[in-house]
There are 4 protein chains.
Amino acid sequence: MSRKRTAKNTSQSHWQEVTHEVIFEADTPAGKWFDVLLIISIVLSVLAVMLDSVSSIHAKYSSFLYAVEWFFTILFTIEYIFRLLSVGRPLLYAVSFFGIVDLLAILPTYLSLLIPGSRYLIVIRVLRVLRIFRVLKLVKYVHEAKYIKQALQASLRKITVFLFAVMTLVIIMGSLMYLIEGEVNGFTSIPKSIYWAIVTLTTVGYGDISPKTGLGQALAALIMILGYSIIAVPTGIVTVEFSRVQELKISTRVCPECSAEDHDSDATFCKYCGSKL
Amino acid sequence: MSRKRTAKNTSQSHWQEVTHEVIFEADTPAGKWFDVLLIISIVLSVLAVMLDSVSSIHAKYSSFLYAVEWFFTILFTIEYIFRLLSVGRPLLYAVSFFGIVDLLAILPTYLSLLIPGSRYLIVIRVLRVLRIFRVLKLVKYVHEAKYIKQALQASLRKITVFLFAVMTLVIIMGSLMYLIEGEVNGFTSIPKSIYWAIVTLTTVGYGDISPKTGLGQALAALIMILGYSIIAVPTGIVTVEFSRVQELKISTRVCPECSAEDHDSDATFCKYCGSKL
Amino acid sequence: MSRKRTAKNTSQSHWQEVTHEVIFEADTPAGKWFDVLLIISIVLSVLAVMLDSVSSIHAKYSSFLYAVEWFFTILFTIEYIFRLLSVGRPLLYAVSFFGIVDLLAILPTYLSLLIPGSRYLIVIRVLRVLRIFRVLKLVKYVHEAKYIKQALQASLRKITVFLFAVMTLVIIMGSLMYLIEGEVNGFTSIPKSIYWAIVTLTTVGYGDISPKTGLGQALAALIMILGYSIIAVPTGIVTVEFSRVQELKISTRVCPECSAEDHDSDATFCKYCGSKL
Amino acid sequence: MSRKRTAKNTSQSHWQEVTHEVIFEADTPAGKWFDVLLIISIVLSVLAVMLDSVSSIHAKYSSFLYAVEWFFTILFTIEYIFRLLSVGRPLLYAVSFFGIVDLLAILPTYLSLLIPGSRYLIVIRVLRVLRIFRVLKLVKYVHEAKYIKQALQASLRKITVFLFAVMTLVIIMGSLMYLIEGEVNGFTSIPKSIYWAIVTLTTVGYGDISPKTGLGQALAALIMILGYSIIAVPTGIVTVEFSRVQELKISTRVCPECSAEDHDSDATFCKYCGSKL
């Protein structure tokens, strides 16, 4: 899928074009290698964040994980700068979804120098895991993702109506249980009773709150059987949509100007900013 | 979707017609704005009821929530009176499902002046959440709702047979567990054992009662695998019905006389009371 | 659906025929009334057995429930005798599935005179609930039941293979968890660990046994995701079968000789014993 | 389905051929009897391993179960030797999946003489249960297994994408809950919080860790409803694949040289090693 760009495209110098090809695309060998390295880096850096939160590991390997964190932060910073430079319209990229995710992947570590020890900053770094999605195209799984996405979009409105009915049900059922069981049996307020109704209807069933009276258990049994039966509704909706949706042919190309995706395989210009692909 | 009503329709004066258009319909801008305001009022008033049940919030904001409650009650009372006045046949509306829900939304607050502090009155007010369903048509989700409703109605009898078989199963399984585990392990009576069987078959699994003996755990494992497998039955039934049902074109019009809904888009007269739409 | 029986059918006298029509069939008004009364009797007698097992109710109403039990036992005994008399081949009925269930519905109460207080006898009486299935035909739900039955039979072999794979999985996973978690964390033996694996895979999740070590929790997470995903298999199998199966036209007639069911609506002779229907 | 092998197949003597027919195939009466005996032996030996892990049974029947273990080990050893001898290329068989499983079924017992009392060796013996799969063909359920396998393979990539999205979701949700609930409420580390998110999303719901704060319970309710809804995705995918897959005609033949399976019913030569079937 080699593409020639004409000299007319004056907003991009040659090295920008090459860098864009490597960083944003997955069609060339260099682009593929870059993506593989990126996935490994992301997984390792997220793993480091996770392990650092385990107190026994933190006690032993705290300084090593600190070094790992800075290593990947600097790596991702370099990558972020190159992304900004190689894209034709850096601002458009910077405010795009992945642009913000890329920034959030590096910012917390720098901020931790100013505000030391903030738990919030630590957790934001976990969002790096979202960056894997941009590399997903590498492994040719993009067709399957589009297929699922399309079926879900087609059934979104129907599932919204279903969830709306479920919400009404759990509000009424939860309030009823608050009345029947009362505060002595753990149903201390209507919101907590609604929480219990959701736990029961979705068949999760923690057991942290459970009905004690006979009437409460009878109503709970009703909610369970209801939840067990109506799960058929979203399943039926999505299954029908899946059987309708046709698998699509989608290119993995990314616009060199605005880094937008989703271009058809026969597209010559970006459908969002009009620049040549 | 503007409609002209002829002067023949003598049972309604002009202001009644306009009020009906605004309150009951969603086709005009005024009608849409009314629906949006109504949804916000319903959500806020239900939220107030919920929050008031949380003891820590009740301790602090009790008097504020009391004021909020009376504000919405008076608002809904005015709305209820206008609904009664604008409808051609007020009695038919008053005894309809939504007529009763509208009354239940305001009655408890007035009754609480006579019978102070009753928990039952507080909870009835949560039923206001049902009023949202009448506004559902606003957001054009009515087609999806009809689609789900139709598929569920078509599969109702089959699911009834399925639930009947499930009930027989849990009665027999529950009784068996009562025999095997006995009162020392928490299976204190047959109804409680049936409750446990439902909790297990629907894969909720609170864990408030769980088998202790080897034989009981083996039977429990059997019930779990059964419940895990037979969930395929309602799902299969509903999925097949969903694939059969065609999406329908349904008007959002409401009869000005009896406030009945579900009129076909080409209907000129109400199919329930015969008055002109 | 009135049927004339010719005088040739000499094995049955006229009153036998009439009694058979009333007790076994649901086509005549008398037959329908009999079925309605039977359902009410069954439900009430099963309810009495259930309530008697609740110690607080037993303490208060023990003698009343004892009288109720004997009332229904005598009623069902009379019914059983009439069934035996009105059927052409009583022995064939007596050893049939429903013949045995009918006997089990009355035997325990008589036996309790000889062996007082046996819990086992009490529970056998719950099996009366199975008798409702013979009356199911009354309410015209028999088509739906056949429909579900046929789809399940068609998918039986595939689901057996699926359950076999699931059993292998839980045996290996359970043994692994026994190794990882060990007796200190509640996984006291391999059978108990397999029980836990079933509780987890079927997403029941009691929480009476749950992994404590990191490795155990990782494996448990794997089993959960597996169980969450493979539930698609029985669902998919049954859904496909449901879409294949056509709804059938089935008569509710019962053979006057051997009380067999499942006769096609155009059948003139019993397909099991050859006697005229 | 009798097959004649020509004299050209010189790599096998007559007794090898007969032994191969009995041990590896299920077409002859002798082969069927061998398979039935093998299944019984496997089930009994796995049961013995399981029961031995129950401390109360171990205390009483330890020496009996030890004898049983050695009986089956010697039996399986003889079988293993005959398999090696009757196969044309023993090495190919020895390193195949079932070759390794067959070896693992006997090795632990011999090793336990050198390293007494190792729990790891005990559990490896449970893997014998996998040997049942090779006998599965006996009962003609092989078509159903292929059918399920094919549908799962066709949906593998889509389900991988789905599980990948689920993993990202639980990582982010788990980290959020770690932030919200914190260590005092049982969410001691990010990995543990992710474990909780999986327990909740898959609707298992042990209840060993459960949110205590209002915000945490609200987020938990969101995860539950999400998990309850998105189970529709794998179900929809697999159902669509099931409806596509046609049931296949597959032979139960096994290559006499390399013991490979999956040969088409019209195949004359092994598709893996080229030897005559």
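The values are calculated or read from the model by the stated rules, or taken from the named source; none is laboratory data. Predicted model, so just to flag it, every value in this text is computed and none were measured. Positions of Cβ are backbone-derived with ideal geometry, glycine not excepted, and every protein chain shown enters the neighbour counts. Heads up: the accessible areas ignore ligands, DNA and RNA and are worked out on the full protein's heavy atoms, side chains in. Shrake-Rupley method; radii C 1.70, N 1.55, O 1.52, S 1.80 Å.
Structure summary
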item	result
B:SER96 being open to solvent by 40 Å² or more (accessible area, probe 1.4 Å), polar (S, T, N, Q) and either modelled with pLDDT under 90 or not assigned by TED's automatic domain parsing to the domain that holds B:GLU17 (or both)	no
Sole residue being open to solvent by 30 Å² or more (accessible area, probe 1.4 Å) and in contact with a Pro (Cβ under 6 Å, 6 or more places away or on another chain), chosen from C:LEU75, C:LEU84, C:LEU51, C:LEU113	C:LEU84
Selected residue (only one of D:VAL129, D:VAL135 is open to solvent by less than 60 Å² (accessible area, probe 1.4 Å), under 20 Å from D:VAL43 (Cβ atoms) and out of contact with any Leu (no Cβ under 8 Å at 6 or more places or on another chain))	D:VAL129
Residue that is modelled with the lowest pLDDT, among those in segment D:130-142 that are assigned to a helix (DSSP H, G or I) and at the interface with chain C (Cβ under 8 Å from one of its Cβ atoms)	D:LEU136
Single unsatisfied condition, B:LEU169 versus (1) assigned by TED's automatic domain parsing to the domain that holds B:HIS20; (2) surrounded by fewer than 19 Cβ atoms within 10 Å (Cβ to Cβ)	(1)
Residue identified as touching a residue at least 24 places away in the same chain (Cβ under 8 Å) and either surrounded by fewer than 19 Cβ atoms within 10 Å (Cβ to Cβ) or facing chain C (nearest Cβ under 8 Å) (or both) among B:GLY182, B:GLY227, B:GLY207	B:GLY227
Positions within segment D:155-179 being polar (S, T, N, Q) and within 8 Å of chain A (Cβ to nearest Cβ), in sequence order	D:THR160, D:THR168, D:SER175
Tabulated pairs, segment D:142-171, first within 20 Å of C:ALA221 (Cβ to Cβ), second open to solvent by 20 Å² or more (accessible area, probe 1.4 Å) and not in a helix (DSSP H, G or I), C-beta under 6 angstrom, 6+ apart or interchain	D:VAL161/A:TYR141
Positions within segment C:198-235 being more than 21 Å from D:SER193 (Cβ to Cβ), β-branched (Val, Ile, Thr) and within 26 Å of the chain's Cα centre (by Cα), in sequence order	C:ILE198, C:VAL199, C:THR202, C:VAL204, C:ILE231, C:VAL233, C:THR235
Sole exception among (1) open to solvent by less than 70 Å² (accessible area, probe 1.4 Å); (2) within 21 Å of D:THR188 (Cα to Cα); (3) within 19 Å of the chain's Cα centre (by Cα) for A:ALA105, by number	(2)
Residues of segment D:186-199 that turn out to be closer than 16 Å to D:ALA220 by Cβ and either among the hydrophobic types (A, V, I, L, M, F, W, C) or at pLDDT below 90 (or both), as a count	7
Residue ID - farthest from D:GLN217 (Cα to Cα), chosen from residues in segment A:210-220 that are facing chain B (nearest Cβ under 8 Å) and open to solvent by 10 Å² or more (accessible area, probe 1.4 Å)	A:GLY214
Residues satisfying the stated conditions in segment B:150-161, i.e. surrounded by fewer than 20 Cβ atoms within 10 Å (Cβ to Cβ) and not aliphatic (A, V, I, L, M)	B:GLN150, B:GLN153, B:ARG157, B:THR160
